[in-house]
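The structure appears right after this line, and notes come after that.
The values are calculated or read from the model by the stated rules, or taken from the named source; none is laboratory data. Just so we're clear, the structure is a prediction, and the values are computed from it rather than from any experiment. Methodologically, a virtual Cβ is constructed for each residue, glycine included, from the backbone with ideal geometry; neighbour enumeration extends over all protein chains shown.
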Amino acid sequence: MLRAGLRVSIISLLWTLLAGTCAIALGAGSQSLTLVAFGMAGVGLGTIALSAIRLAARSPAHVSHSGVALTAVSVGVLSVLARRKRAVARRVPSQALRADGLLSGIGAVLAGVALAPALP
């Protein structure tokens, strides 16, 4: 079971690195500061600051189709990781892995919220 916990943690780390790198590259290519901020893990205060600036400037939203695709995939991947981490955490037992599973679940929900405005 400890190996399962280590394996799901490594998969989670690799996903985070891959999604972050892709978000930065896609954001730079499509001039989307939101994607770049997401990729740099500056989602919290960075997004708040960027949103305030855009609201003040009355800047229209720009939809990046590749960003929408990355966000949609993130919902699925983070959901699977969240379930797996919580399942392994019950068997190990590991409060840290359980908390990490909850954090991945929150990430999936946040990705869903970010995806919602781009859906028809």
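If the condition is being among the hydrophobic types (A, V, I, L, M, F, W, C) and in contact with a Ser or Thr (Cβ under 8 Å, 6 or more places away or on another chain), then segment 23-37 contributes Leu26, Leu35, Ala37. Screening segment 78-95 for residues that are surrounded by 19 or more Cβ atoms within 10 Å (Cβ to Cβ) and touching a residue at least 60 places away in the same chain (Cβ under 8 Å) and picking the one that is nearest to the chain's Cα centre (by Cα) gives Leu78. Picking from residues in segment 1-15 that are surrounded by fewer than 16 Cβ atoms within 10 Å (Cβ to Cβ) and part of a helix (DSSP H, G or I), the one that is modelled with the lowest pLDDT is Leu2.
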